[in-house]
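Notes follow the structure.
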Amino acid sequence: MATTVRKFEGAEVTETMLEEAAKLFSEHYGIWGKNGFGKPGSRVKMSPARLRSQCLPDGARSSYIRVTIDGALIGNAFACRWEHAGRQVCWITQLVVHSDYRQRQIATTLLLHLIDPEDDALGIMSSHPAACKALAKAVGDIRFADVVLDFAQAHAAGVLAASPIEYIQAAKLRGSLFDSRDTGGMIDAKASTACFDTARKGE
């Protein structure tokens, strides 16, 4: 089997690539939970048009990377970069791996090819711990318990506000790191308007 990893800048992403990425997302990303917008138990779906607007917005510095086996798409990731306080931010806007190819380091491989040495801050907004673990492995297999959160506390709000992507701008910071009055036990999280079934998303 021939495995290929290819990276594209935003302007190089074709409609065919978007159609394939939307199909991968719709069939393998996740399942709606009981508090989500979709029917509980049904798959979360994405159209090529929505994928372009969310991951490849006009005027943004976006990148796309994909892994294929014998020409078939089995994993991909989108990222967007912007500046905040003189630092380059790289935000992973989507990370999807075909369910038949999970736990094979595909997600980590995608991120390793996507991250640039000039990136000063990395972010991902995901409801699934496997995506966060893949990012941690890609930047040196760090342990979450060892992460110093001072930078996030000082800059997270500004980083989100500076994003050219609307759903990232609209995200709300939650947890005691950002609000000492928050007693829910959460330390650091970004709340989006969607609600997925995390337990089933890894299937």
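Are any of the residues in region 4-11 within 27 Å of ALA152 (Cβ to Cβ), surrounded by fewer than 17 Cβ atoms within 10 Å (Cβ to Cβ), out of contact with any strand residue (DSSP E or B) (no Cβ under 8 Å at 6 or more places or on another chain) and among the hydrophobic types (A, V, I, L, M, F, W, C)? No: zero hits. Against the test of being within 12 Å of the chain's Cα centre (by Cα), surrounded by fewer than 20 Cβ atoms within 10 Å (Cβ to Cβ) and not small (Gly, Ala, Ser), the options CYS132, CYS55, CYS90, CYS80 yield a single qualifying residue, CYS132. Inspect region 26-47 for any residue being part of a strand (DSSP E or B), among the β-branched types (Val, Ile, Thr) and touching a residue at least 60 places away in the same chain (Cβ under 8 Å) and give the result as yes or no. Yes, region 26-47 has at least one match.
When restricted to residues that are in a strand (DSSP E or B) and in contact with a strand residue (DSSP E or B) (Cβ under 9 Å, 6 or more places away or on another chain), region 58-109 contains 32.
When you scan region 110-203 for helices (runs of 4 or more DSSP H) that lie fully inside it, which ones turn up with 2 or more residues that are modelled with pLDDT of 70 or more and on the phi < 0 side of the Ramachandran plot?
Values: elements: 129-138, 150-161, 166-169, 198-201.
Once the helices (runs of 4 or more DSSP H) in region 110-203 are filtered for at least 2 residues that are modelled with pLDDT of 70 or more and on the phi < 0 side of the Ramachandran plot, what remains is 129-138, 150-161, 166-169.
The values are calculated or read from the model by the stated rules, or taken from the named source; none is laboratory data. What you are looking at is a predicted structure, and each value in this text was computed from that prediction instead of being measured. Please note: Cβ atoms are built from the backbone with ideal geometry, for glycine as well, and neighbour counts cover all protein chains shown.
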